[in-house]
Amino acid sequence: MERAVDFGHVLVVVDHRTGRVRCQVPGRSPAPVVAPAASWGSAEHPAGIERPREAWSLSAAAALVAVFAIKRAGSRATAMHRVTTAIRVATSTCRRPATPEQARSAVLAVRRGAWLSPGRTACLEESAAAVLLLAARRLSVTWCHGVAPDPVRLHAWVQTEDGGLVAEPESTRAYTPVLVIGDRSDH
């Protein structure tokens, strides 16, 4: 399931089945340019550097463990596909939208729980775990995976039903969503 974003000076293609990113520069040979190592977080929210003060919960830790298990359950090449499938399934069970306060509490609880995590916990894992945590309470948010140019960087985050960013800096709006799961048109 490939999705592309054309920024004019570069076409970025993201394969959500494999997690692979390719770039095509206009005016160059048709062979895709190898994308630089993708950044999976933002410079303004450096995961793991600043310890969140909010309380964590056992359910937030369980949601993180679930995301880690989903990623490791099969081939590494299809981990991204398994995560997005889990997000789709989780959001399909939701009956009402999470309030901005509920969504923020979930994201911050997951970030706090990530401090106890022995594995990589960046925006992909955090946002997926927040979706799972809220879905366990049948509350929905919109999960977004986007790309920004110069340099090419990827980011995953959650939004409220009205498009409000959840515990993210306003600069997150510089990312063009490539895959959106859980919005009203997705159901």
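Here are the numbers for this structure:
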{"item": "Residues satisfying the stated conditions in region 111-135, i.e. within 24 Å of Arg96 (Cβ to Cβ) and among the acidic types (Asp, Glu)", "result": "Glu126"}
{"item": "Near pairs, Cβ below 7 angstrom, 6+ apart or cross-chain, from region 56-68 (surrounded by fewer than 19 Cβ atoms within 10 Å (Cβ to Cβ)) to any residue that is in a helix (DSSP H, G or I)", "result": "Trp56/Ala109; Trp56/Arg112; Trp56/Gly113; Ser57/Ala109; Ser59/Leu133; Ala66/Leu132"}
{"item": "Lone qualifier among Val141, Val152, Val178, Val166 - being free of Cβ contacts under 8 Å to residues at least 60 places away in the same chain and of a type outside the set (Phe, Trp, Tyr)", "result": "Val141"}
{"item": "Residue count for region 136-152, restricted to those that are farther than 19 Å from Pro97 by Cα and either surrounded by fewer than 20 Cβ atoms within 10 Å (Cβ to Cβ) or among the acidic types (Asp, Glu) (or both)", "result": "3"}
{"item": "Output for region 112-136, where each listed residue is over 19 Å from Ile70 (Cβ atoms) and of a type outside the set (A, V, I, L, M, F, W, C)", "result": "Arg112"}
{"item": "Listing of helices (runs of 4 or more DSSP H) fully contained in region 54-121 that carry 3 or more residues being of a type in the set (S, T, N, Q) and closer than 15 Å to Ala135 by Cα", "result": "79-92"}
{"item": "Output for region 153-178, where each listed residue is closer than 19 Å to Arg22 by Cβ and crowded, with 17+ Cβ neighbours inside 10 Å", "result": "Arg153, Leu154, His155, Ala156, Tyr175, Pro177, Val178"}
{"item": "Cross-chain or 6+ apart pairs with Cβ under 6 Å, region 1-23 first and exposed (fewer than 14 other Cβ atoms within 10 Å of the Cβ), then outside any loop (DSSP other than H, G, I, E, B)", "result": "Glu2/Val13; Glu2/Asp15; Ala4/Leu11; Ala4/Val13"}
{"item": "Residues of region 150-181 classified as hydroxyl-bearing (Ser, Thr, Tyr) and in a strand (DSSP E or B), total", "result": "1"}
{"item": "Residues being in a strand (DSSP E or B) and within 27 Å of Arg20 (Cβ to Cβ) - total across region 130-149", "result": "7"}
{"item": "Hey, Ala98 touching a residue at least 40 places away in the same chain (Cβ under 8 Å), over 13 Å from Ala62 (Cβ atoms) and touching a strand residue (DSSP E or B) at 6+ places or on another chain (Cβ under 6 Å) or not", "result": "yes"}
{"item": "Residue count for region 109-130, restricted to those that are closer than 16 Å to Leu165 by Cβ and surrounded by fewer than 21 Cβ atoms within 10 Å (Cβ to Cβ)", "result": "0"}
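Where a number appears in this text, it was derived from the coordinates with a stated rule and is not lab data. Source: prediction; values computed, not measured. Backbone-built Cβ (ideal geometry, glycine too); neighbour counts: all protein chains shown.
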